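The structure under discussion appears below in the form of structure tokens.
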Amino acid sequence: MSVPSKSKRNVESIRDYDNTVNDATLTKLKALLTGFAERHAKAPPEARPRDFGEQQRRACGNALKTVVLPVLDALMVELQHAGHDASTRDHTDKENAYPSVALSFTPRAPGQAPDKGAGALASALIFRCDPRLGVVAQADVKPSPVKGQVPAGGGGVERVGTIGVDPLGTAWVATKALNFIEAVLKTN
């Protein structure tokens with residue numbers, strides 16, 4: 001018996017050529033393939049569900065942009081009107097990173113020019129999304145190098161609060177921001 005070419009093989013020739021595939025196996029295979037074809041012919045192709053982590057990250061970024069950032073922007077304007085250096089950063093639209101927003105604040109003594117360099121360093125209050133904790137507020141209060149102070153606790157970034165995305169509100173953000181501004185002003 002001649003062996004059919006690979007391109008011309010069919011079920012009957014495989015059964016004749018190799019006795020390892022029996023009728024019961026072929027019947028089961030045909031039933032599986034028929035069921036698969038019918039299932040995909042009836043149902044429209046499903047849209048792939050988005051990753052839950054990605055949905056959570058986007059929701060948290062949206063909350064930072066709509067709840068936290070307006071509060072920080074309003075405080076920034078007030079700080080600038082009082083003669084201090086202040087700015088906000090918005091990192092809510094970055095792909096492959098957890099969203100964050102921040103308020104940077106450098107206090108200036110009354111009448112001190114911002115370009116003189118003497119005085120305080122920029123401190124930052126950062127609100128970032130954490131997949132396990134929700135929204136995390138972190139403060140990095142930097143003392144003035146002129147005063148020669150060593151920050152209590154060795155300095156660095158201190159977590160000042162966490163809250164879930166759903167209960168996040170402007171009152172919580174304002175409280176954390178005012179506590180941060182008070183700490184910066186007292187340190188400098």
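Scan segment 86-123 for residues that are over 27 Å from GLN56 (Cα atoms), at pLDDT 85 or above, assigned to a loop (DSSP other than H, G, I, E, B) and touching a Pro at 6+ places or on another chain (Cβ under 9 Å) and report the count.
2
Please enumerate the residues belonging to segment 124-160 that are at pLDDT 75 or above and in contact with a Pro (Cβ under 8 Å, 6 or more places away or on another chain).
ARG128, CYS129, VAL141, LYS142, PRO143
Sort out which residues of segment 158-172 are surrounded by fewer than 16 Cβ atoms within 10 Å (Cβ to Cβ) and over 20 Å from VAL141 (Cβ atoms), and write them in order of number.
Answer for segment 158-172, where residues must be surrounded by fewer than 16 Cβ atoms within 10 Å (Cβ to Cβ) and over 20 Å from VAL141 (Cβ atoms): GLY164, ASP166, PRO167, GLY169, THR170, ALA171.
Say we look at segment 161-188 and pick out the residues that are among the hydroxyl-bearing types (Ser, Thr, Tyr) and closer than 22 Å to ASP85 by Cα; which of these is modelled with the highest pLDDT?
It comes out as THR175.
Condition check: in contact (Cβ under 8 Å) with a residue 60 or more places away in the chain, out of contact with any Gly (no Cβ under 6 Å at 6 or more places or on another chain) and within 18 Å of THR175 (Cα to Cα). Does LEU69 satisfy that?
Numbers: in contact (Cβ under 8 Å) with a residue 60 or more places away in the chain: no; out of contact with any Gly (no Cβ under 6 Å at 6 or more places or on another chain): yes; within 18 Å of THR175 (Cα to Cα): yes.
Considered against the rule, which asks whether it is in contact (Cβ under 8 Å) with a residue 60 or more places away in the chain, out of contact with any Gly (no Cβ under 6 Å at 6 or more places or on another chain) and within 18 Å of THR175 (Cα to Cα), LEU69 comes out as no.
If you check every pair at least six apart or on different chains, which have Cβ atoms under 7 Å apart with a residue in segment 122-133 that is hydrophobic (A, V, I, L, M, F, W, C) first and a residue that is modelled with pLDDT under 90 second?
ALA122/LYS142; CYS129/ARG57; CYS129/TYR98; LEU133/THR162
The values are calculated or read from the model by the stated rules, or taken from the named source; none is laboratory data. Nothing here was measured: the structure is a model prediction, and the numbers come from that model. So basically every Cβ, Gly included, is an ideal-geometry build from the backbone, and we count neighbours across all protein chains shown.
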